[in-house]
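The values are calculated or read from the model by the stated rules, or taken from the named source; none is laboratory data. Because the structure is a prediction, the values reported are computed rather than measured. A quick note on method: Cβ atoms are made from the backbone with ideal geometry, for glycine too, and the neighbour counts reach across all protein chains shown. What goes into the accessible areas is simple: the full protein's heavy atoms, side chains included, and nothing from ligands, DNA or RNA. Shrake-Rupley method; radii C 1.70, N 1.55, O 1.52, S 1.80 Å.
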Amino acid sequence: MAGLGYLELLWVAVSMFAAFTVRGMSGFGAGMISVPLLAFVVPLQVAVPLNSLLVFVLFIALMIRDHRQIDWTELRRLIPPTMVGAVAGLWLFAVLDNRVLVLLLGAFLIVYALYMLTVSVLGLPQLRCSTRWAWPAGAVGGFFDTIFGGGGGTLVVIYVNARGMARDSFRATLAALWFFEMLARIAGYAWSGYYTSQVLWLLVLMLPVMGAATLAGERLGNRIDGETFTRLLAVLLFASGISLLAK
């Protein structure tokens, strides 16, 4: 089924459940968990477009639920650079072969995990930034999100947090921004022919997994200390990066 054996399908399902549980708990991070795990059984050219479709479905629901909390001024400021970064990422995603992408992803995960651990252990002061940082944060974030299926959005998270946005508006605005980014990414993946029958079958099979994991993550989110969760996630990402480099 979907061109995979039963054990491989089970691995995909477990990976997606873990990824969207994390996303339900933290509000982000599905791609950073799912794509490295999926890369052990499918090419990144399957894993990244599949994850994008699943996240897009989730963001449709979040947009409907939280549209009144969106900061439309900040959203309009972030959409153009994010789209520029996504287009650049699509070009590189199309020209690099799978092995190069896997190596880049492994290195990126290690750097990102070390950054998370540093922030968690040392702590950072509450920063504030001006609107001029919207372009570098949006462009670089969109670029890495498109290549690796996630991770780059953390730059936008840092930017929006430094703008001092209220919590409800913070989450709703990010969901809206990533909704529009997903439109560009999915269109680019489709244009490049990545939405094969295998990807679409996996989408159908994983939608219930995504829904169940999101609900589980939202319930667990209030029970785990945020600092402990961040450190555990960083260790997992670091281990995934090392494994991909050795793959």
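Just a few scattered comments:
- Cα-based helix-to-principal-axis angle, 72-95 vs the chain, degrees rounded to 10: 30 degrees
- In segment 25-84, trypsin sites (Lys or Arg not before Pro) in a DSSP loop with at most 15 other beta-carbon atoms within 10 Å: none
- L92 - accessible surface, heavy atoms, 1.4 Å probe, Å² rounded to 10: 40 Å²
- When L90, L7, L50 are compared by accessible surface with a 1.4 Å probe, the order from highest to lowest is L7, L90, L50.
- When all protein chains stay in place and ligands, DNA and RNA are ignored, the 1.4 Å accessible-area order of T131, T73, largest first, is T73, T131.
- Relative contact order %, the chain, counting alpha carbon pairs below 8 Å whose residues are six or more apart: 39 percent
- Averaged over its residues, segment 1-157 has an accessible area of 44 Å² per residue, based on protein heavy atoms and a 1.4 Å probe.
- q = 0.21, 0.23, 0.25 Å⁻¹: log10 I(q)/I(0) that the Debye formula gives for segment 180-225, counting C-alpha atoms only: -0.81, -0.85, -0.89
- For segment 45-114: rounded, prolate or oblate by the Cα gyration tensor [a/c cutoff 1.5]: prolate
- Taken about its Cα centre, the chain carries a charge dipole of roughly 360 debye when the Cβ of each Lys and Arg holds +1 and the Cβ of each Asp and Glu holds -1.
- Candidate residues R23, R132, R163, R99: accessible-area rank, largest first, probe 1.4 Å: R132, R99, R163, R23
- For the chain: Kirkwood Rh in Å [reciprocal of mean 1/r, alpha carbons]: 18.1 Å
- Residue by residue, segment 46-56 carries 3J(HN,Hα) couplings of 9, 4, 5, x, 5, 4, 4, 5, 5, 5, 4 Hz when phi is fed to the Karplus relation 6.51 cos²θ - 1.76 cosθ + 1.60 (θ = phi - 60°); x denotes Gly or Pro.
- Here the simple spin-label model places points 7 Å from the Cα toward Cβ, and for L232 and A13 these points are separated by 2.3 nm.
- Taking the accessible area of the chain, probe 1.4 Å, and keeping the other protein chains in place, the carbon and sulfur fraction comes to 69%.
- The heavy atoms of V111 offer some 100 square angstrom of accessible surface to a 1.4 angstrom probe.
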